[in-house]
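Here's the structure, in structure tokens; my notes come after.
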Amino acid sequence: MDAIAQAPGSLPIFGHGIQILRDPLGFLRSLPAHGDVVRIRIGPHAAVMVCTPELTRQVIFDSRLFDKGGIFFERINDVADNNLLTCPYSHHKRQRRLVQPAFHPARLTDYATDMTARILAVSDSWRDGQAIDVSAEMAKLTSGVLISAVLGSSLDEASLTRATADLDAILNGVFRRSISPPAFNQLPLPGNRRYHTATKSLHRTLHTLIQDKHAEATPGSDMLSMLLAARDQETDGQGLSDTEVANQVMVNSRGQCNS
């Protein structure tokens with residue numbers, strides 16, 4: 001078997017982390033030139049990247065052989081442990097059964113109605129001649145739309161804005177912490193402080209909402225309500241714990257979950 005080539009440009013301590021931070025998509029696009037399978041370094045960690053559609057499909061669909069793991073999944077688990085996105089193969093089937101009703105095609109119409117209203121509200125606020133940072137606006141709009149779909153009308157606008165900002169800070173922190181040397185993640189740097197503050201804030205928000213949902217006489221139609229009501233009828237008839245629901249909400253709010 002041929003040796004796996006290593007991508008050029010690896011630095012001591014950082015590996016390819018600086019290249020990934022500066023231009024993640026450009027770095028990934030450069031890898032196929034070095035082979036179908038390429039070795040990279042992220043800080044002190046080694047990783048192997050597959051660079052063809054055929055190999056990518058094999059890794060994605062053969063989840064029993066290519067189980068989930070690695071530093072990116074570990075960093076997500078730091079804030080949302082044991083969720084559908086990052087759980088191992090042995091837990092995935094149960095979680096998928098419980099989460100799937102919230103993604104039934106019949107639910108998409110309700111989600112689309114709220115998404116359309118929020119998209120129109122943002123686009124209608126723009127004026128001719130106004131300079132707009134499209135990337136920032138789209139990221140903000142996407143987060144707000146997804147969180148609104150997940151939580152429904154449970155949050156007022158101020159709380160929704162705060163939750164959206166918290167989620168963005170967490171996801172930016174997860175990416176940065178995945179490719180930084182572990183010692184850097186322990187330092188009291190501004191980025192680390194934002195990450196920890198946002199994590200605590202979003203967890204408080206979600207657990208407060210979950211308790212409010214438990215107290216409702218009539219379950220809502222938003223994703224949070226559906227996750228709380230879901231039961232595994234194929235096994236023990238039990239549902240997700242409140243902590244599991246919060247973890248599912250955190251990953252699904254950003255549209256990261258491909259069940």
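Among the residues of the stretch 211-232, the ones that are free of Cβ contacts under 8 Å to residues at least 12 places away in the same chain and part of a loop (DSSP other than H, G, I, E, B) come to 4 in all. Could you tell me which residue of the stretch 11-51 is surrounded by the fewest Cβ atoms within 10 Å (Cβ to Cβ), considering only residues that are of a type in the set (D, E, K, R) and either closer than 25 Å to F61 by Cα or in contact with a His (Cβ under 7 Å, 6 or more places away or on another chain) (or both)? Restricting to residues being of a type in the set (D, E, K, R) and either closer than 25 Å to F61 by Cα or in contact with a His (Cβ under 7 Å, 6 or more places away or on another chain) (or both), the top hit is R29.
Residues being more than 19 Å from the chain's Cα centre (by Cα), surrounded by 13 or more Cβ atoms within 10 Å (Cβ to Cβ) and within 25 Å of A165 (Cβ to Cβ) are represented in the stretch 122-130 by at least one member. Only helices (runs of 4 or more DSSP H) whose full extent lies in the stretch 100-194 are considered here, and the ones with at least 1 residues that are closer than 28 Å to S10 by Cα are 157-179, 182-185.
Of the helices (runs of 4 or more DSSP H) that lie entirely inside the stretch 8-82, those containing 1 or more residues that are among the hydroxyl-bearing types (S, T, Y) and either farther than 29 Å from M250 by Cβ or modelled with pLDDT under 95 (or both) span 24-30, 53-61.
Condition first: surrounded by fewer than 20 Cβ atoms within 10 Å (Cβ to Cβ) and touching a residue at least 40 places away in the same chain (Cβ under 8 Å). Now tell me which residues in the stretch 178-198 satisfy that.
Scanning the stretch 178-198 gives P181, P182.
The values are calculated or read from the model by the stated rules, or taken from the named source; none is laboratory data. Just so you know, these numbers come straight off a predicted model, no measurement behind them. In this analysis, Cβ positions are derived from the backbone assuming ideal geometry, glycine residues included, and neighbour counts consider all displayed protein chains.
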